[in-house]
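Asker: This structure is in C-alpha cells; I'll ask about it shortly.
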Amino acid sequence: MDNNITYFNSGLKLIHKQMSGVRSVAIGVMFAVGSCSENDSNNGISHFIEHMMFKGTKKRSAYDIVCEIDGLGAQINAFTSKQSTCYYTVSVDEYAENCMEIMSDFLFNSTFDQVEMDKEKGVVLEEIAMSEDTPDDLCLENLATTYFKGSSLGYTILGNADNIKNFKTQDLKKYIADKYSANNMVISVVGNISKEKAIELVAKYFDCNVFSSSYKLEKIVHKPKCDSAVVIKPLEQANIAIAFPSLEFGADNNMSLLALNSAFGGGMSSRLFQEVREKSGLAYNVYSYPSAYYGDGAFAIYLGTNPKTSKQALQSIRKEILKLKKDGLSDEELARVKKQLKGNYALSQESSTSLMRVYGRTALFLDQTFDFDEKIKQIDLITKDSVMDIINYIFDFDKVVTSYVGKEIDFSPLDIIRG
C-alpha cells in the first residue's frame, strides 16, 4: 500500500497534496465507473446519473445546490469517461468543508425524482443529437466503437437514445448501489488544506456514508482487428480517423509514448502538422493522441480535409508513419520533445484542479501517488531506442482501424493507410 494514500476501513481512499502557495482547494470524488461498466440494456446510465446527481436531494433542490455553490464563489462540475466518473468542486480554502458537505449530500441523498429525470432525459438526448451532428466527434466516436468492438470499452459514454428514454428512478439507484462501492472510489483533495484536515472532512462526510457493494473495475484487454466505419453525410469536409494499438494507463514506457506523440502529431512543430498542413496544405486540422485505459490503450490520428484531397492527405500520413518505422526520431526531435514534456508537467503543477485529476486517477487505477520528480527522471531516461520500441508496437498495419464521416469517396481509407 502507498504510504501517501490514506486508507479507510470501508475501503475508501484519500489522496492529498498540499499547495501552500495558493488559496484554492480542488476536491474530486472519483469512481472507477463509466461506460465500460455498462451493458447493452443500460449503456449511457453512468453519464445520465452524473447529470441527475445535481437535480435535487432530500434537503436541497437543484436550484439550492447551484445557489449554495455560487454563494461560496465556488465552482462545481462533473465528467464521465469510459472508465471513471468524477464529481468535483473548486473553492477558496475556507469553504472546502461546505463543498464536501454539498457533494456528500447529492452523492448519497439524491432523490432522482421522476419529473426531474424526464426533463433531464431531454437534455441528454439533445447532447446525443449534438454529438451526432458534430462530424469530428462522430468520426472519433465511431473510431473508438469500431476499434474496441466486442469489448466494453466500445460502449459510448452518452449511450443510445432508447436506453435514456427508458431509465427509471429504481434503475439509477440500483446501479449506484451496485457500482459506487468504497473500494472503487477515491477522494482527491489538492490545494491549501492540510492532510489532517482533509482526513477529518473525508471521514465526516464520506467514509460513514459509502455503499457496501464489493464491485471493483477489472482490467480490460482487447485485441483489435482491421476494420472500418463509414458514415456518408453531405459535408464540405472529409473527417478521417485512424487507430492503432497503444499502451495501458501506467505502463512503464509511457513517457516514450508521450515523446513519440509530441514529435509525430501532438503540436504545431510535429511531423503531421508540418508535413500535411504547413508544407502540403492538405488539411486544416491534423493531429494524434494516445488514449490510455486501465488495461488497454489506443493511439489515434485525426484528419479534417477537403474530400478532393483526402486520399493524398492519407497517403502523406502513411508516408510519415513509414519514415518513423524506418528511422525513428532524430536527436533534435528527441531533445525538443523532452523539453516539451518537462514544461507540460511543470505547468500542470501550478493548477490545483489539474493536480486533483491526475492524483485522483493515479490513485484510483494504480493505487499510487503521482510523483512529479519521478516523471522528470523518466523523461530524462527516454532514448531513441525506447521510442523506436513504441513505434514498432503501435504502428501495426494488421491491427489498424479507420473511421470516415463525409461525402461519398471512391477509395477506402483503410486500404490507403495499410498500403
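The values are calculated or read from the model by the stated rules, or taken from the named source; none is laboratory data. Please read these numbers as outputs of a predicted model, since none were measured by experiment. Because the Cβ atoms are built from the backbone with ideal geometry, glycine has one as well, and the counts that use them run over all protein chains shown. Areas reflect the complete protein model, heavy atoms only, side chains present, ligands, DNA and RNA absent. Shrake-Rupley method; radii C 1.70, N 1.55, O 1.52, S 1.80 Å.
Asker: Please work out which residue is farthest from F244 (Cα to Cα), limiting yourself to segment 391-414 and to residues that are touching a strand residue (DSSP E or B) at 6+ places or on another chain (Cβ under 9 Å) and in a helix (DSSP H, G or I).
Answerer: The extreme case among them is P413.
Asker: Which is more than 25 Å from the chain's Cα centre (by Cα) and either part of a helix (DSSP H, G or I) or at pLDDT 95 or above (or both), of A229, A198?
Answerer: Among A229, A198, only A198 is more than 25 Å from the chain's Cα centre (by Cα) and either part of a helix (DSSP H, G or I) or at pLDDT 95 or above (or both).
Asker: Mind listing whichever residues of segment 132-161 are hydroxyl-bearing (S, T, Y), open to solvent by 40 Å² or more (accessible area, probe 1.4 Å) and part of a helix (DSSP H, G or I)?
Answerer: T145 - this is the single residue of segment 132-161 that is hydroxyl-bearing (S, T, Y), open to solvent by 40 Å² or more (accessible area, probe 1.4 Å) and part of a helix (DSSP H, G or I).
Asker: Tell me whether segment 60-83 contains one or more residues that are in contact with a Lys or Arg (Cβ under 8 Å, 6 or more places away or on another chain) and under 27 Å from Y215 (Cβ atoms).
Answerer: Within segment 60-83 (the criterion being in contact with a Lys or Arg (Cβ under 8 Å, 6 or more places away or on another chain) and under 27 Å from Y215 (Cβ atoms)), the answer is no, since none of the residues qualifies.
Asker: Looking at (1) more than 20 Å from A363 (Cβ to Cβ); (2) among the basic types (K, R); (3) open to solvent by less than 20 Å² (accessible area, probe 1.4 Å), which is the one condition that is false for K58?
Answerer: Result: K58 fails condition (3) only.
Asker: Another question, then. If you check every pair at least six apart or on different chains, which have Cβ atoms under 6 Å apart with a residue in segment 251-272 that is free of Cβ contacts under 8 Å to residues at least 60 places away in the same chain and part of a helix (DSSP H, G or I) first and a residue that is open to solvent by less than 20 Å² (accessible area, probe 1.4 Å) and small (G, A, S) second?
Answerer: As it stands, the answer is N261/S288; L272/G265, since those pairs meet every condition given.
Asker: Next question. In the list I193, I164, I187, which residue meets the criterion of being over 21 Å from S24 (Cα atoms) and surrounded by 18 or more Cβ atoms within 10 Å (Cβ to Cβ)?
Answerer: Going through I193, I164, I187 in turn, just one is over 21 Å from S24 (Cα atoms) and surrounded by 18 or more Cβ atoms within 10 Å (Cβ to Cβ): I164.
Asker: Among the listed residues G304, G297, which satisfies the condition of being in contact (Cβ under 8 Å) with a residue 40 or more places away in the chain and over 21 Å from the mean Cα position of the chain (by Cα)?
Answerer: G304
Asker: Tally time: how many residues in segment 80-103 are open to solvent by 10 Å² or more (accessible area, probe 1.4 Å), within 24 Å of N192 (Cβ to Cβ) and not charged (D, E, K, R)?
Answerer: Looking only at that region, the number is 5.
Asker: Test of understanding: among A198, A243, A182, which residue is aliphatic (A, V, I, L, M) and either open to solvent by 30 Å² or more (accessible area, probe 1.4 Å) or within 30 Å of N392 (Cα to Cα) (or both)?
Answerer: A243 is the lone residue from the list that is aliphatic (A, V, I, L, M) and either open to solvent by 30 Å² or more (accessible area, probe 1.4 Å) or within 30 Å of N392 (Cα to Cα) (or both).
Asker: Here is a follow-up. What's the number of the only condition in (1) among the aliphatic types (A, V, I, L, M); (2) over 19 Å from I416 (Cβ atoms); (3) touching a helix residue (DSSP H, G or I) at 6+ places or on another chain (Cβ under 7 Å) that A283 fails to meet?
Answerer: (2)
Asker: Taking D118, is it surrounded by fewer than 14 Cβ atoms within 10 Å (Cβ to Cβ), over 18 Å from the mean Cα position of the chain (by Cα), over 30 Å from C226 (Cα atoms) and not small (G, A, S)?
Answerer: yes
Asker: Cβ contacts < 6 Å: first residue within 13 Å of N160 (Cα to Cα), restricted to segment 115-132; second residue part of a helix (DSSP H, G or I) and open to solvent by 70 Å² or more (accessible area, probe 1.4 Å), any location; separation 6+ or different chain. Result?
Answerer: Filtered contacts from segment 115-132: S131/D137.
Asker: Turning to a different aspect of this structure: Within segment 374-388, can one find any residue that is touching a Pro at 6+ places or on another chain (Cβ under 8 Å) and part of a helix (DSSP H, G or I)?
Answerer: no
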